[in-house]
Amino acid sequence: MALSPALFRRSLLFVISLLTVVGLQRPTLSIAQDVELPEYVIQPGDTLSAVALQFDVTVADIQTANNIENAGLISVGQRIKIPGFNGVSGVLRDYTLRPGDTVENLALRLDLDMETLVILNRIVNPKMVYVGQPFLYVEKDAETITDIAEIPVWRQNEVTFHLGENDTLANLAIEYDQPLFGLQTYNEWPFNLLSFHGQQVRMSAPPDADNSFPPPFDNIVVTPTEVTQGEPIAVRVTTENAQTLSGVLAENTLNFITTTDGEAHLALVGIYNFQKLGVYPFGITATDQNGRVANFETRLRVFSGQRGQQSIQLPPEKSVLLDPEILSTEWQQLIEITDDFSFTRLWDGDFVFPMEFASERTTTPFGVARTYNGESFNSFHGGLDFAGGLGTPITATADGVVVLAEALDVRGNSVIIDHGWGVYSGYWHLFEITSEVGQEITQGQTLGTLGSTGLSTGNHLHWEIWVGGNQVDPLSWMETDYSIVTTERTESQPIEELESSSGE
Ligand SMILES: [Zn+2]
C-alpha cells in the first residue's frame, strides 16, 4: 500500500467508479473529429501498422481519426491522433516503469491526473503495475519534452518498521518527523497501546521527500529495467544511513556488497533462462544497527529471452553420456562451485572473448532450448560455442582465480574461473588444460587449448558466464553497462588496488 488512507480511499472510489462506467471492456472507439484525442509524433522507421500495434488500435481507426487515405503515406514528424483514448489531450510519450514508480507518484511528477494515466495504460488496478512495464503518458505542452527520469519523484510509499530493542514509538516519530498521534490513527491502534520490541509500525512516508522510496531507502536502481530470461541484472540501492540489506528479485537471492561509505549496496543476479514468464515480487529488507527493519516491495516482470530451439543427434558412442545420473552428478558439481559467493571483486573493466576471432566464429548462441536424439526440449544451451582449430589457445575472459581444472564426463576437459561477486566463467571441451586450481589468472592469459572432449560433436570451445548461480548470455554480460555496481569502493577492495586500476 502506497498511499495515505484518505488518498487511498479516494483513489479506490475513483477506480471503482471508473470500472462502473467503463465496465471491463475496451472503450468503443469514438472517431468523431471534434473529440479530444492525444497525438503521436511519427518517428523515423515508424509505419502506421507499427503505431497501431503500439497503441493497441487498428490501422483503419487511425486512418479514420486522421483522414488518412493511404496508410503508406506518413512522414517523420507528422502528428497523428490516436483513437481510443477519448478525453485525453497532449503528445504521447512512453516510459518504462522503474522501482518506486506508482501510478499515483507518476501522476504527481507529470502533473497529470490519475484518470488520464489509467485510461492511457488501460489500467484495471493501479496497485498491479510492475517494474519494466511499458507506460504511456502525455506531454501537455507539446513543445517541451520532459525526461521523466529527471523529474523528482514524490515519496508516497508506506513503510513498515519493526521496533528495535531501544526504540519507542516516540523516538521513531521524532526520527521520521511524524506526529505520534498520526502514527496511532494511521495504525488504528487503541490509544492505550504500549510500544514493544518487534512491534510493527506502518508509516506513510513524508510527502515532501524527493523520491518515491520509504525510509531508509534513498534510491533503488535496476539495470536493465527490462528483466529478461537468461540475462544478468545489476541492482544498486542507496540508503540514508548504514544498513544491512537482503532481498529477493524474481526468486533470486540478492547478495549485497556494501560500499566503503556504507551508503550504497550492490548486487548482481542472473535470471534463469527457463524462468517462468510472469510478474514476480522484488523486495529488499534493510536492517540498521539497532535491529530495526524496513521493507521495500514492488513487482517486476520477467520477459522472454526468445532464444529458439535446436535438435541434436549424437553418435552412439557419445549418447552414453546422456545418462541422467552422469548428467546430474556433474551438474551438481557445477552448482556447488558457482553458488559460492566471494565478496572480493577480482575483475576490473569489461570481460573479453576467450579466443581470437571468437565473434566471427560463433556457431551456437546462448539459451536455445535443446533436444538430444529426439527427447523433449528440457535443457538449453548454457553458453556460447565458437568453432576453431584443435589446439587454439583459450584465454581468461577476465581476472580471477581458477576453481576447477579437470576432465569431466559431459563437459570434457574443463576450467572454471571465479571472478568474485558470484560471477564465474567456464570453458568446456578443451584439448588440454594448462592452468590449475588455485592459480590467480589475468585477463588474456592462456588457460588451455581448444578441443572436442566430452559431449561434443567437433572441435569447438563452449564458453559460459554464471552470475548469482545461473548461466547468463555471455554477450549480454559483455555488452550491458553494469557500472552502477562496479564504480564504487567496496569494503573488500583495497583503495590502492582501485586507484592503480582506474587508469586502464
Ligand atoms: Zn556449447
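Computed values, structure above
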item: Restricting the range 217-259 to GluC sites (Glu not before Pro) in coil, as DSSP defines it, with at most 13 other Cβ within 10 Å; result: Glu240, Glu251
item: Mean separation of Cα contacts under 8 Å, 6 or more apart, over the residue count of the range 328-428: relative contact order %; result: 30
item: Estimated distance in nm for a label pair at Leu390 and Thr362, the labels positioned 7 Å out from Cα along Cα-to-Cβ; result: 2.8
item: Along each principal axis, Cα extent of the range 158-303, largest first, Å; result: 53, 34, 28
item: In nm, spacing of pseudo-spin labels at Asp323 and Arg122 (7 Å Cα→C-beta vector); result: 5.4
item: Residues listed by number, the range 311-326, amide nitrogen under 14 Å from Asn373 label point at 7 Å toward C-beta; result: 312-326
item: Residue (of Thr253, Ala264, Gln199) at the positive-pole extreme of the range 158-303, dipole from beta-carbon charges; result: Thr253
item: 16 Å Cα-Cα reach of Lys140 towards aspartates and glutamates, excluding residues that sit fewer than 8 places from it in its own chain; result: Glu36, Glu39, Asp94, Asp111, Asp113, Glu115
item: Cα-based Rg and Dmax for the range 26-142, where Dmax is the largest Cα-Cα distance (Å); result: 14.4, 44
item: Global form of the range 309-472, assessed from the alpha-carbon gyration tensor, a/c cut-off 1.5; result: prolate
item: Spacing of the two label points (7 Å from each Cα toward its C-beta) at Thr64 and Phe341, in nm; result: 5.6
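Computed from the coordinates by the stated procedures, all read-outs in this text should not be read as laboratory data. Worth saying up front: this structure is predicted, and the values here are computed from it rather than measured. Heads up, the Cβs are rebuilt from the backbone with ideal geometry, glycines too, and the neighbour counts pull from every protein chain shown.
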